[in-house]
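Here the structure is laid out as structure tokens; the discussion comes afterwards.
Derivation of every value follows stated rules applied to the coordinates shown; laboratory data play no part. Computed from a prediction, not measured in an experiment: that's the story for all the values here. Cβ placement follows ideal geometry from the backbone for every residue including glycine, while neighbour counts extend to all protein chains displayed.
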Amino acid sequence: MLSVRELHVWRGPVHVLQGLSLDLPAGEITVLLGPNGAGKSTLLGALAGLYRPRAGSILYGGRELAGRPAAEIVRLGITLVPEGRQIFPVLSVYDNLVLGAYHRLRRDGWRLRQDLEQVLELFPALAGRLRDPAGSLSGGLQQMLAIGRGLMADPRVLLLDEPSVGLAPLVVREIMTVIARLKTEGRTILLVEQNARAAMAVADRVWLMQRGRVIGAHGEGEPEEESLRQAYLGHHPAGLPS
């Protein structure tokens, strides 16, 4: 469904993505693991149109996305749920959700109520907080709101950047359950995570990333322990650092 080839992206003077290539099969959950600074968030930003590649290709349904503006990419069916949630804290939960569907108001506004009901079915804890300021929610509810806002865009491809960061294990489990359910609805998901154990529990395939490149791929099962260890810690011939 979505294919990335030889992608090069700079952020300021830093060459972050250095010829990265990967494929996202339709209807699957692809997990991207790697250490901080590997370029995972930059990749998601490039796919969402936030960062303009200097070279390379992003093909989606036969269309070239590289260089297209973010608003157009959202309309084509790709939505990013960014790291850190980035909700609008002074707006209500309801307004945050509706803003996720801003580009659809004229085209299919009649569906928004149905889509809102589906989001609240996924995250019932939000149903009683619709009029509350989003900033008054707990961290877990804010993350649910961020994902719900992304779903209101009606994406076929959902890009999730570190949705479990800073959350209690019970909340992480709930969010991962929702992510697995979204796959059954036919959505394609690219999940960037530091919580490898939680992410691999829902993954169809796992990509390992380091220094702006994909260094390994593993489908239908956990990555080999040595590959995962080296992806996070680098080579250490004497074993793991103490």
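Projecting label points 7 angstrom from Cα along Cα→Cβ for Y94 and E185 puts them 2.1 nm apart. Go ahead and run the numbers for FRET between W110 and E72, Cβ-Cβ distance against an R0 of 25 Å, rounding to 0.05. Between W110 and E72 the formula returns 0.60. Taking each residue as 0.36 nm, the span from S21 to L59 lengthens on full extension beyond its C-alpha to C-alpha distance by 12.6 nm.
Once you mark the GluC sites (Glu not before Pro) that are in a DSSP loop and have at most 13 other Cβ atoms within 10 Å, what is the longest gap between them in the chain? Longest stretch, sites excluded: 1-184.
Let me check I have the definition right: for the chain, take the eigenvalues of the Cα gyration tensor, multiply each by 5, take square roots. What are those semi-axes in whole Å, largest first? Intermediate results must be reported in sequence, preceding the final value.
Working: eigenvalues 176, 95, 51 Å².
Ellipsoid half-lengths, sorted descending, are 30, 22, 16 Å.
If we count other beta carbons within 10 Å of each Cβ, what is the order of F123, F88, fewest first?
Numbers: F123 21, F88 14.
Listed from fewest to most nearby Cβ atoms, that is F88, F123.
Using alpha-carbon positions, what is the distance between the centroids of the range 1-64 and the range 81-144, in Å? If we compute the Cα centre of each part, the gap is 27 Å.
Across the alpha-carbon set of the range 88-148, the Rg to Rh ratio works out to 0.96, Rh being the Kirkwood radius. Ordering I215, I73 from the fewest to the most neighbouring beta carbons within 10 Å gives I215, I73.
Within a 10 angstrom radius of the beta carbon, how do Y102, Y60, Y94 rank from fewest other beta carbons to most?
The most exposed by this proxy come first: Y102, Y94, Y60.
Take every DSSP beta bridge whose two residues both sit in the chain, then give the antiparallel share in percent to the nearest 5.
Details: 22 of 39 bridges.
So the antiparallel bridges in the chain amount to around 55 percent.
Of the trypsin sites (Lys or Arg not before Pro) found in the range 122-186, the ones in coil according to DSSP and having at most 15 other Cβ atoms within 10 Å of their Cβ are R131. So what's the angle, to the nearest 10 degrees on a 0 to 90 scale, between helix 112-122 and the longest Cα principal axis of the chain? Orientation of helix 112-122: about 60 degrees from the principal axis.
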